[in-house]
Structure formats: C-alpha cells, structure tokens
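First the structure, in the form of structure tokens, and then the observations on it.
The values are calculated or read from the model by the stated rules, or taken from the named source; none is laboratory data. Quick caveat: nothing in here was measured; it's all calculated off a predicted structure. Glycine gets a Cβ as well: all are built from the backbone with ideal geometry, and neighbour counts include every protein chain shown. For accessibility, only protein heavy atoms count, side chains too; no ligands or nucleic acids. Shrake-Rupley method; radii C 1.70, N 1.55, O 1.52, S 1.80 Å.
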Amino acid sequence: MAAVNEAVLMNGNGLPSAAQLGSKLMLLAGVAAVVAVMVVFWLWSQQPDYRILFSNYSDKDGGAIVAALEKMNVPYKFSDSGSAILVPAEQVHTARLKLASEGLPKGGNIGFELLENQKFGVSQFVEQVNFQRALEGELERSIQAIAAVDVARIHLAIPKPSVFVRDQQNPTASVLLNLRAGRTLDPQQVGAVVHLVASSVPNLPAANVTVVDQNGNLLSDTSKKQGNNGLDQTQIKYVEDMQASIARRVESIITPIVGAKNVRAEASAEIDFSTTEQAAETYKPNFKPEESAIRSMQSNESNNGAGADASGVPGALSNQPPPNSTAPIETTEDTATASAGGAAVSTQKNTTTNYEVDKTVRYVQQPKGGIKRLHVAVVVNNLPVTDAKGKVTYRPLNAAEKQQINDLAMQAMGFNKERGDSITVVNSSFAGEPAEVLPTVPMWQNPVAVEYGKDGLRFLVGVVVLFLVYSRMLKPLLAKLSSPMNNQKMLGQAQQNGEDAIVNISGQPQATLVAPGYEQNLGMVKQLAKDNPRMVASVVSNWTNGSEK
C-alpha cells in the first residue's frame, strides 16, 4: 500500500480498542491519585487548631461533656495523656458557656442530690453520714466559686449530741484549698471562707475552722493576724484607707491650680481604736435664797402655858373666876407671857425650807477609730511657663502661691491645731520618669510569634507539597494523556494486535480521524466510502484475509 497519510483508530464496531481504554484508565487513575494527594495535603494545611476545653476532670464529668459535645455537633479529641478534651480554638468559649448552662462539669462534688435517692429502711447512722457528705459537698461547691480556688475539700467532725451540758462538744471543720497557679488568698478572703463554713454548720465557732492550702501552709493562723502594733488586718486596712482618702482629697483640691501630675501628697494618721466611757457629776456653788428655787418647805407651831381652868387647893380661894386679860407691853417672836392672877402662856414656831441644788451629770462615750493626730506632706512641681516663642520653662512657686496651696491643703485634710496636726508643703522640680525598658524577648520564645509561625509553616508546607505534586506528577500525566505521539503509539499497538486498521490513502489530503463514538465513526466511514471506494474495498479485503499490506 502507498505511504500512510491518514490514520483512523477503531475496531470493528466503531469503538475505541481495549488497549486504548486501558491506557486511558491508567492515566485517569494516576490523575485521580495525584488529585487525592493534593486534597489531603490541602486539608492537612487547613486543619483547625485545637485548644483545651477542660482538663483534670472526673470520668463521670468526662462522659457527660463528650455526650453534650456530640449533641451540639462540636468536634473534639483527647490529648495524648487523655487528661484533657480538645475542641477547635474558635469554639472553646462558646462550648464552655453552653456546657456551663447545663451544669458541666460538676467537679465530682456530691451535694444534697445524694438525699434524693434515699433508700427505704436505712439506719439513722447512714442517714447522718449521707447528710454530712451532702453538707460537705455543698460547702465545697460554694468555696470553689471563689476565683482563686481551683479545688476545695472539707472535712466536718460533728460530735453526737448529749443531754448533759458538761458532755457537749462543738463541731470542728478542716478546709483544704487547692489554689490556681499564681493565685493567693488575702487574710480577708481566708476569713470569709472561715465564716462561710462556720455559718453553715450549727454550733460551729469560727475558731474551730482550720484552712490549709495545697502547700501545707496554715492560712487560718490567728497568731498572724496581729501585727507588731497589736492591730488586726481590719484595723490596718482602715488606717490605710483613711490615709489614702486624705491624700486623695489634698491632691484633688490642688491639681486644678498646678495641673495634673504636678502634685503628690501623703498622709500619716494616728488612730485611737480604744473605747472609753466617762460619767461625771458637777455641783455649782450655793446661790442666795431669793435666787434659788424652793424645793420643799415645812412649818411647825406650838403653845405652852397656864389655861383658864381652876388650879390649886380646892376651896374658897381657888374656886374664883379668872381675872380680866391684859395685853403685854412687849413680846418676843417665839414666846409670849401674860400675867393674869399668876398665870403665864408660851408660843413656839419652826419653819424648814429646802432649796434645789444645781447639779450637772455628763456621760461621754468615745467610739473606736477616732483620729488622734494627722501629718500630711505635699510636694508641688514648679509651674510651667510658655514664652512668646512657645518655649516651655518652669519657675518655682512664689510665697503667695505656696501659702494658698498650704491653706487649701489644711482645709482638705481637716487640720486641727489643738489635736497636734501638722502639714508640710515643699516646692521642687519633679524628676522625669525613666523610660520603661522592656526585656528583649527572642522571636522563637514569644508564644504569639511561635503560634503564628506554626500556622504559617504548615500553610507553606502545604503549598509547596501541592506545587511539587502538580509539577512533578499531575502535569506530566496530563501532558502524556493529551500528546499526539501517544495517540500514534496506541494506533501502532492496535495495528499489531489486528483489532483495528490504519488506512493510508496516498494523494489525498492528510487527516487523522479518531472516532470517539459509534455514530461519528459510522458517518466518517460512509463519507470515506463515498469519496474513496477503492480504499474501502482494500480495507474490507484486508479484514477478510486477516493480513495487512
């Protein structure tokens, strides 16, 4: 046959050959594998960052948390040690709030819900033990609500009640606090924990409550509550608050004059925490009777002397009528004597008058926290002065300005000369605040930079891997799949197997016909038979003889 100018690959039915289909399937499988690898690497580079949701939880709480996360469709995983539950970083806070609304985690403390499933017929001892366990659990939950407390354990020792007063004993309590990292409790918070426990247990005095932290430090030691001056923490805080209040009042009244940050004030207060009571009675000197008020008056009058009755030896001489009465020429105030036939009469008067006594009774009670003495020190910066060119200079205060500031400070502090208060005002140039030098932290030690570096490195690795897979594997496979030489190679392989025929017509325009479908192949063959009947006859002859010319 003449030189080959056109090639058409097809089988007897007008369909692609099995060798061609196998080669294409292998190429497509390779492309699919490469695409799958690229997708896997891309997903790996976009994998969400997981953060800790809860850690150090009990098994019961862990199961409840996992069930709640599955219900909320929140992905989760466990840490390598299994002691923490991890969720995507952007869902940590949302998941915590939703779990908190459901009361999770409960922390393993058993409260009064222990009494909800009380069995019938239990002994009184078991009931008492369950009640004590429930009370301890409720107190633990209450104390764990404090921000600085991570875990709390409480042990109550409640003695049996006795009918005898001498045998009665007060309960005691022991509190073990596991504080969060870097957190401490001040004495007031420890006192609050002590009073919380003491108020929750009947007949439990605060002195019988012991508080210990996870390091074995005794937090409720009463001996540490007293300082060298004999003041407890409450009194010390009262003094500090009063001193800070006085200094703040002095600074606030002077700041509008000298400007902000140009005045500093400190106060020292001597406080009297003793309680005094005083009672006094005061009597004034006696006044003149006419100037005094009469309280009471008593008057008595009595008469003594002979009467008109007969007296003497009975007989004619004594049985005589009385003589006529005569008035005396002079009489005294208390007595009066009349002579009438030898008879005399005496009169006496007594008068007692009581006047009111001027008396003053005074009761004085001095409460705690009275101010004994105040000392205030004030430092004022030089005043800024701006000249015509806008240059700022500083000048010291003159005598009038200094006296004005001194008077204002005395009024603000409540100066009392009789009490022995003192105040000192000093004008001086303030030294500039030194610039804060922050320590230089290497980039690899900065947690934020490390976190962003990890994310960027993972993204960069993903992009590099995708580029290498595409350039080294996917691109050559696509090029091989679409190469004309590859099609020519498949045509030659089909000729050797005798499945297809390559028809070459000399003297005709060159055209490569590859029929992808039966209808297209049939149309092409009809057109070829119409244009070149001799070529079609030659092809049929070759198919019939099973040889190739």
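May I ask you to say which residue of Gln169, Gln235, Gln189, Gln243 is polar (S, T, N, Q) and under 30 Å from Val380 (Cα atoms)?
Values: Gln169 fails: under 30 Å from Val380 (Cα atoms); Gln235 fails: under 30 Å from Val380 (Cα atoms); Gln189 fails: under 30 Å from Val380 (Cα atoms).
After applying the criteria, what remains is Gln243.
Checking Ile154 against (1) outside any loop (DSSP other than H, G, I, E, B); (2) farther than 26 Å from Thr184 by Cα, only one condition comes out false. Which one?
Failing condition for Ile154: (2).
Yes/no per residue for (1) under 28 Å from Ser199 (Cα atoms); (2) out of contact with any helix residue (DSSP H, G or I) (no Cβ under 6 Å at 6 or more places or on another chain); (3) open to solvent by 90 Å² or more (accessible area, probe 1.4 Å):
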site	(1), (2), (3)
Pro88	no, yes, no
Ala95	no, yes, no
Ser101	no, yes, yes
Ile110	yes, no, no
Asn117	yes, yes, yes
Phe120	no, yes, yes
Asn130	yes, no, no
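Given (1) at pLDDT 90 or above; (2) open to solvent by less than 70 Å² (accessible area, probe 1.4 Å), identify the lone condition not met by Ser252.
(2)
So Ile158 clears everything in (1) crowded, with 17+ Cβ neighbours inside 10 Å; (2) more than 27 Å from the chain's Cα centre (by Cα); (3) without any contact (Cβ under 8 Å) to a residue 40 or more places away in the chain except one condition, right? Which one?
(3)
Take segment 201-219 and flag every residue that is open to solvent by 50 Å² or more (accessible area, probe 1.4 Å) and of a type outside the set (A, V, I, L, M, F, W, C).
Those that are open to solvent by 50 Å² or more (accessible area, probe 1.4 Å) and of a type outside the set (A, V, I, L, M, F, W, C): Pro202, Asn203, Thr210, Gln214, Asn215, Gly216, Asn217.
Would you check which residues across segment 54-89 are in contact with a strand residue (DSSP E or B) (Cβ under 9 Å, 6 or more places away or on another chain) and among the hydroxyl-bearing types (Ser, Thr, Tyr) and list them?
Taking segment 54-89 and keeping what is in contact with a strand residue (DSSP E or B) (Cβ under 9 Å, 6 or more places away or on another chain), we get 54-57, 61-62, 65-66, 69, 74-79, 83-89.
Across segment 54-89, the qualifying residues are Ser55, Tyr57, Tyr76, Ser79, Ser83.
Would you confirm whether any residue within segment 51-63 is under 26 Å from Gly456 (Cα atoms) and either aromatic (Phe, Trp, Tyr) or open to solvent by less than 40 Å² (accessible area, probe 1.4 Å) (or both)?
Taking segment 51-63 as the starting set, the residues that turn out to be under 26 Å from Gly456 (Cα atoms) are 51-53.
Now restrict to residues that are either aromatic (Phe, Trp, Tyr) or open to solvent by less than 40 Å² (accessible area, probe 1.4 Å) (or both): 53.
Yes; the residues of segment 51-63 include at least one that is under 26 Å from Gly456 (Cα atoms) and either aromatic (Phe, Trp, Tyr) or open to solvent by less than 40 Å² (accessible area, probe 1.4 Å) (or both).
Return the residues of segment 260-289 that are hydroxyl-bearing (Ser, Thr, Tyr) and part of a loop (DSSP other than H, G, I, E, B); say none if nothing qualifies. Before the answer, list the steps.
As a first pass, look at segment 260-289 and keep what is hydroxyl-bearing (Ser, Thr, Tyr): 268, 274-276, 282-283.
Selection gives Ser274, Thr275.
Inside segment 366-414, counting only strands (runs of 3 or more DSSP E) that do not spill past its ends, which hold 1 or more residues that are under 18 Å from Pro256 (Cβ atoms), among the β-branched types (Val, Ile, Thr) and touching a residue at least 40 places away in the same chain (Cβ under 8 Å)? So that I can check it myself, show each step before the final result.
Working: elements: 370-380, 383-386, 392-395.
Qualifying strands (runs of 3 or more DSSP E): 370-380.
Checking the structure you have, find out if any residue of segment 167-182 is touching a strand residue (DSSP E or B) at 6+ places or on another chain (Cβ under 8 Å), surrounded by 10 or more Cβ atoms within 10 Å (Cβ to Cβ) and at pLDDT below 90. I'd like the intermediate steps shown before the answer.
Taking segment 167-182 and keeping what is touching a strand residue (DSSP E or B) at 6+ places or on another chain (Cβ under 8 Å), we get 171-180.
Next cut, surrounded by 10 or more Cβ atoms within 10 Å (Cβ to Cβ) only: 171-180.
With the extra rule that they be at pLDDT below 90, the set shrinks to 180.
Scanning segment 167-182 turns up at least one residue that is touching a strand residue (DSSP E or B) at 6+ places or on another chain (Cβ under 8 Å), surrounded by 10 or more Cβ atoms within 10 Å (Cβ to Cβ) and at pLDDT below 90.
Return only the number of the condition from (1) under 27 Å from Val190 (Cα atoms); (2) within 29 Å of the chain's Cα centre (by Cα) that Pro171 does not satisfy.
The single condition Pro171 does not satisfy is (2).
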